[in-house]
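Beneath this line is the structure, given in C-alpha cells, with notes to follow.
The values are calculated or read from the model by the stated rules, or taken from the named source; none is laboratory data. This one's a predicted model, so the numbers in the text were calculated from it and none came from an experiment. Methodologically, a virtual Cβ is constructed for each residue, glycine included, from the backbone with ideal geometry; neighbour enumeration extends over all protein chains shown. Keep in mind that these areas ignore ligands, DNA and RNA; they rest on the heavy atoms of the full protein, side chains included. Shrake-Rupley method; radii C 1.70, N 1.55, O 1.52, S 1.80 Å.
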Amino acid sequence: LIVHANHFHALMYLAMVSAAPFDGREYDALNVYVAMCYYRLDYFDVASEILQVYVQKHPSSMVAVNLKACNAFKLYNGKAAEAELKPLADSQGIPVHEIESDLVKHNLVVFRNGENAQQMLTPLMEVIPEARLNLVLYHIRNEEIDEAYSLIKDLEPTIPEEYILKGVVLSHKGQASDDRDTLKMAQQYFQLVGSSTSHCDTIPGRQAMSMCFFLLEQFEDVLIYLRSIKSYMEGDEEFNYNYGITCCQTGNYREAEEHLLSVNKPAYKEEYQFISALTRTLIHTGKPNAAWEHYLRLEAAQESFLLLQMIANDCYKMGHFYHAMKAFDVLERL
C-alpha cells in the first residue's frame, strides 16, 4: 500500500504538530498529514477518525480518499477498502478500476489480493517503488521464488518493509538450496528490523525478530515473540503455520495441534516440515492412528522413510507400542 512517510519521520512530525497548536479551520489539510503519520505508526483507527473530517469537506481529494481506503484495508479487508474508493468513482461516473490514478491502480491490486498483479504492477515499477515490492509478494504467494529473487536481488533496502521482504525471499532461496550464507543474510535483515528502536515494539518488528530466531533455530525465543502478537494474528495462515511449527519444536503439542489443524492453504499442507510437525504433534496428543494416516498419504520415498523413523521412535517413547511396532516392521522390510 502506498502511504509515504517512514516510522521515525512520522514520530518527529507528530511531535512538531503537537508543539505548534493551529486553527483547524484554517489548516484542515494538515489533518491528512497527521492521519498519514498515524497510519505509518499502525494506529489505523486514529488515522481514520482524523481523516474523516477532511474527507467530508473534500470528498474528491485523491490523496485523502486513497489513505482512507488504505486504513479500511488494514482495519477490515480489501472489499471494505475498495468501497471507500467507490464514491470517488461514482462522482466521475466510472467504475473504480477506471479511476485515472497510478496510486489507485496500484492499491486496487493489493485490495484484490494480487489480481492482475503482473499486468498492472510491472509498468508501475518505475513510477511507484512499492509496485516492485508488491510484485515480489505476488510471486512469493504463488511459490515463484526465482521470479521474486530476480526482482529484489539488486535492491538495497532503505525501509523496514524492504528489509523484511528481502529477508523473506532470501530465506526461501536459502532453504531451497540449503545455502547457509543466504540464510545468514536473511537472518541479519530480519534482525536489523526486529532490534531497531523504531520497530522493536511493532507487529512487523516482532514478526521479523521471530523469523530471525526461527532461522537460528532458537525456538523458545521464537515462541516468546509470536505469543506477544498472537491476539492480533487470528486467522492468519502464515502465523498459524509458524506458530504451530514452533509449538511443536518446543514441546507445546496441544497448542501446536490447534494451530496446525487451522492451516488450510494446500501448498503449506503439502510441505514435509508441516506434515512432520503435525504427525509428531498427533503422536504426542494421543492420536497415533491419525499420525499413521499421514505416513500412508505421503508419496515421496525419502520423506516417507524419514517420517516412518520419526513415527517409530516417537510412538515408542509415548507408549503407543502397536503403531511403533508397525513402523519398525516397515522399516525392517525396506
Original post:
In a GNM of the chain with a 10 Å cut-off on Cα contacts, which of 302, 249, 92 has the highest mean-square fluctuation?
Top reply: 302
**OP:** For the stretch 86-108 and the stretch 261-319, compute the distance between their C-alpha centroids and round to whole Å.
**Re:** 49 Å
Original post:
Leaving out ligands, DNA and RNA, what percent of the accessible area of the chain is carbon and sulfur, probe 1.4 Å?
Top reply: 52 percent
Original post:
Say we join alpha carbon atoms closer than 10 Å with springs in a Gaussian network model of the chain; which of 173, 74, 287 then has the biggest fluctuation?
Top reply: 287
**OP:** Loop only per DSSP, at most 16 neighbouring Cβ atoms within 10 Å: give me the GluC sites (Glu not before Pro) in the stretch 245-334, ordered by residue number.
**Re:** 270, 271, 299
**OP:** Skip the ligands, DNA and RNA, and give the accessible area per residue of the chain with a 1.4 Å probe, whole Å².
**Re:** 54 Å²
**OP:** Return the lysines within reach of residue 74: Cα separation strictly under 19 angstrom, same-chain partners fewer than 8 residues apart disregarded; answer none if there are no such residues.
**Re:** 86, 105, 230
Original post:
What number comes out for the charge environment of residue 111, summing +1 per Lys or Arg and -1 per Asp or Glu over other residues with Cβ under 12 Å away?
Top reply: +2
**OP:** Beyond 22 Å between alpha-carbons counts as too far, so tell me which of 166/269; 184/265; 173/269; 79/173 fall in that bin.
**Re:** 166/269; 184/265; 79/173
Subject >> Under Karplus coefficients 6.51, -1.76 and 1.60, residue-wise ³J(HN,Hα) of the stretch 42-52 in Hz, glycine/proline x >> reply: 6, 9, 5, 5, 5, 4, 5, 5, 5, 6, 4
Original post:
Based solely on its DSSP helices, what 222 nm [θ] is calculated for the chain when runs of n ≥ 4 H residues each add -39,500 (n - 2.57) and the sum is averaged over all residues, nearest 500 deg cm²/dmol?
Top reply: -22000 deg cm²/dmol
Original post:
Which residue, 264, 252, 240, has the most motion in a Gaussian network model of the chain that connects Cα atoms within less than 10 Å?
Top reply: 264
